[in-house]
Amino acid sequence: MHPTLTTAVKAARRAGQIITRASQDVDLLKVSSKRQNDFVTEVDRAAEDAIIGILREAYPDHAILAEESGASGESEYRWIIDPLDGTTNFIHGMPHYAVSIALEHRGQMQSAVVFDPVRNEMFTASRGRGAFLNDRRIRVSRRAKLSEALVGTGFPYRVFDHVDAYLGMLKDMMEKTSGLRRPGAAALDLAYVACGRFDAFFEIGLSPWDIAGGALLVTEAGGLVGNLTGETGYMESGNMVASTPRIFPVLLATIEPHLTDALRA
Ligand code: IPD
Ligand code: CA
Ligand code: CA
């Protein structure tokens, strides 16, 4: 395993311990609201501090972009961290959330970890070396037809500018796929595309820390990722699709009729 990945795995496990301990007493959690429907708990912050402590000790010169504490440092190397993806699930005692840690070098993702502490599932990937679930190689599913696909998505929950466009896409997907799910943790949605549980995923308005790790998992597992027109730029726009290679063009064609100018960017 590449040394940066070993460090990321260690950090994800440490964060996982903090999250799991706190999950036993969610009623005691102090929850605050960053914006409407955007919650943070002391667990998000404690998990993030633990991750940053471990990464800084190993790589003091690397830059960091973390959801709760923001950007720090300047370097060609940048760690992108979501200490707890699926906070709303966590607060409600829904056992579906994850830690996501990715390392980018000059804008290209190099290493990725998405860790589900509930199921003890560690998804990892290194550029050019494939994607793994608990050390077993994973690949995207072989499904080629949208009609047979199980599709993950996230609903708009904070910014509602694109709700109508999104509902149009959702309606078409309802009719054209074999099922839709909104599990509530985008990093895990992408990890599930990587290991073939989902055949496709789409969401509008994500943040870089939701996407960074999962995107490398999908591409290293043989899948494709893109913005809503299939191009790069999803890290900036936060609008993203991911799927098996054969479903990708059909997925984009289903989304296309609903795109506004803003969503095309
Ligand atoms: C959220 C989850 C959710 C997605 C949201 C994200 P958070 O992350 O990934 O599935 O729909 O867009 O913000 O706030 O729980 O880290
Ligand atoms: Ca997130
Ligand atoms: Ca989060």
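The values are calculated or read from the model by the stated rules, or taken from the named source; none is laboratory data. Remember, it's a predicted structure, so these values are computed and weren't measured experimentally. For neighbour counting, all protein chains shown are included, and Cβ atoms are generated from backbone atoms with ideal geometry for every residue, glycine included.
Every condition in (1) among the β-branched types (V, I, T); (2) under 20 Å from G213 (Cα atoms); (3) within 15 Å of ligand 3 (Cβ to nearest atom); (4) in contact with a helix residue (DSSP H, G or I) (Cβ under 6 Å, 6 or more places away or on another chain) is met by T7 except one, and the failing one is (3). Return yes or no: is Y234 modelled with pLDDT under 95 and not acidic (D, E)? So Y234 does not fit the description; no. When every residue of region 196-217 is checked against the conditions, at least one turns out to be away from ligand 2 (no atom under 16 Å from the Cβ), among the hydrophobic types (A, V, I, L, M, F, W, C) and in contact with an Asp or Glu (Cβ under 8 Å, 6 or more places away or on another chain). When region 149-181 is limited to residues that are loosely packed, with under 13 Cβ neighbours inside 10 Å and charged (D, E, K, R), the one that is farthest from ligand 1 (Cβ to nearest atom) turns out to be E175. Where strands (runs of 3 or more DSSP E) fall wholly inside region 97-183, the ranges with 1 or more residues that are outside the structural domain of S23 (by TED's automatic domain parsing) and under 21 Å from N239 (Cα atoms) are 150-153, 179-181.
Do we have any residue at all in region 24-46 that's touching a residue at least 40 places away in the same chain (Cβ under 8 Å) and small (G, A, S)? Checked against the condition, which is being touching a residue at least 40 places away in the same chain (Cβ under 8 Å) and small (G, A, S), region 24-46 yields no hits at all. Considering every residue within region 5-19, establish whether at least one is part of a strand (DSSP E or B) and more than 16 Å from F123 (Cβ to Cβ). No, region 5-19 contains no residue that is part of a strand (DSSP E or B) and more than 16 Å from F123 (Cβ to Cβ).
Among the residues of region 70-94, the ones that are among the small types (G, A, S) and within 14 Å of ligand 1 (Cβ to nearest atom) come to 1 in all. Within region 248-261, residues that are touching a residue at least 40 places away in the same chain (Cβ under 8 Å) reach partners that are of a type in the set (S, T, N, Q) with beta carbons closer than 7 Å, at six or more positions or on different chains, in the pairs L251/S243. Summed over region 49-69, the residues that are surrounded by 13 or more Cβ atoms within 10 Å (Cβ to Cβ) and away from ligand 1 (no atom under 13 Å from the Cβ) give a count of 14. Of all residues in region 34-48, those being at pLDDT 80 or above and either loosely packed, with under 15 Cβ neighbours inside 10 Å or part of a helix (DSSP H, G or I) (or both) number 7.
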